[in-house]
Amino acid sequence: MAYLVRRVLQTVIVVFGVSVFAFGLMFLTGDPAEVRLGAGADLMTADEIQEYREKMGYDRPWYVQYLDFLGGAVQGDFGDSIRYHEPAFEVVRRRFPATAQLAVVSLLISVALGVPIGVISATHPNTWLDYLTTFIALVGQSVPSFWLGIMLMLIFGVWLRWLPISGRGGWQNLLMPSFTLAAFSLARNMRLTRSSLLEVIQQDYVRTARAKGLSEYRVLFGHALRNAMLPIVTMIGLQLGFLMAGSVITESIFAWPGVGRLIIEAIYNKDFPLIQAGVTMLAIAFTMVNLIVDLLYAYIDPRVRYD
């Protein structure tokens, strides 16, 4: 219980820090009143702009404005979107399922391919299979996601015409953006599985299991892999948060209607309520996933004891 309380408090502190950052975004480009007025500010007098500033509360001290922002954010009220003319939180909430779908499918791809390939590499050390999988992992972690996405679009969407190059629809629309987003995580899972399994295979209890006459299959999957999966499970849980928060580039490339693309559009349009709502929602999703992973890790590994 003490550990749970401590982790929840840490999560609250992180979300609080993100709220401070999200609030400060509004002041990065100067007077927020003129930013929200946009081109209309050029047609207004200084008195009219000051009147609008007082109406929106921008003339108050920053800490008063922040407390007002925080009070609204707790209730899901970030103000109305400048572009969509409706509550910013509702716009983000409608886009969030698309981001979650892309992140979950990408995670499944990275696990379904990364873990088995890592096992093959670890069970065939210093062979051509090991060298090939290691090379693939290095390439996967080195290739920029925007370049990979463009190459997939060019090959499978333009040249071969097998898959649609943009938008959200059926499973065909999901393949290229999911693989693009999953590439880095897939390579990392391959390397982590290989290194973790190689370390576990050298342990005494694995040699004892072999000495007792157990089959190699049972030694590998019944003893070695179960213990090797502990750091992998932790990394997989963290990857879900990274995939949701890091899908901005992929969503922009494939015109995927998620929160990441919405934030990019909001930045171009200087739609600060929308930016604040999107950044805050992604941050909360990321911290919640981290919290759940920490608690699951304590449950999965009985050796873990927290003071």
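Each reported figure results from applying straightforward, stated rules to the coordinates on display, with no laboratory input. Since we're looking at a predicted model, the values are computed, not measured. Quick reminder, even Gly has a Cβ in these numbers, built from the backbone with ideal geometry, and neighbours come from all protein chains shown.
A compact table of results
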{"read-out": "Net lengthening on full extension, Leu296/Gln172 (0.36 nm per residue, minus Cα-Cα)", "value": "41.3 nm"}
{"read-out": "Cα-based helix-to-principal-axis angle, 88-123 vs the chain, degrees rounded to 10", "value": "20"}
{"read-out": "Length added when fully stretched, Met1-Met56, from 0.36 nm per residue minus Cα-Cα", "value": "15.4 nm"}
{"read-out": "Charged-residue dipole, Cβ positions (Lys, Arg, Asp, Glu), the chain about Cα centre, Debye nearest 20", "value": "1700"}
{"read-out": "Angle between the chain longest axis and helix 272-300 axis [Cα atoms, degrees, rounded to 10]", "value": "30"}
{"read-out": "Dipole of the chain, positive direction: furthest Cα of Val35, Gln10, Pro164, with charges on the beta-carbon", "value": "Pro164"}
{"read-out": "Top positive-direction residue, dipole computed over region 150-251 with Cβ charges, set Ala245, Met176, Pro231", "value": "Pro231"}
{"read-out": "Candidates Asp271, Asp31, Asp47, ranked by Gaussian network fluctuation over the chain, Cα under 10 Å, top entry", "value": "Asp47"}
{"read-out": "Relative contact order of the chain, defined on C-alpha pairs under 8 angstrom at six or more residues apart (%)", "value": "27"}
{"read-out": "Stretch gain in nm, segment Glu90-Tyr131, where the contour uses 0.36 nm per residue and the Cα spacing is subtracted", "value": "9.8 nm"}
{"read-out": "Dipole moment magnitude, nearest 20 debye, region 2-75 about Cα centre, only Lys, Arg, Asp, Glu C-beta charged", "value": "720"}
{"read-out": "Spin-label model distance (nm) - Ser215 vs His124, 7 Å beyond Cα toward Cβ", "value": "2.0"}
{"read-out": "Signed unit charges on C-beta, dipole axis of region 94-300, positive-most listed residue Leu282, Leu154, Val115", "value": "Val115"}
{"read-out": "Region 2-75: C-alpha gyration tensor shape, a/c 1.5 cut-off, then a/b vs b/c", "value": "prolate"}
{"read-out": "Debye, to nearest 20: dipole size of region 190-307, +1 on Lys, Arg Cβ, -1 on Asp, Glu Cβ", "value": "560"}
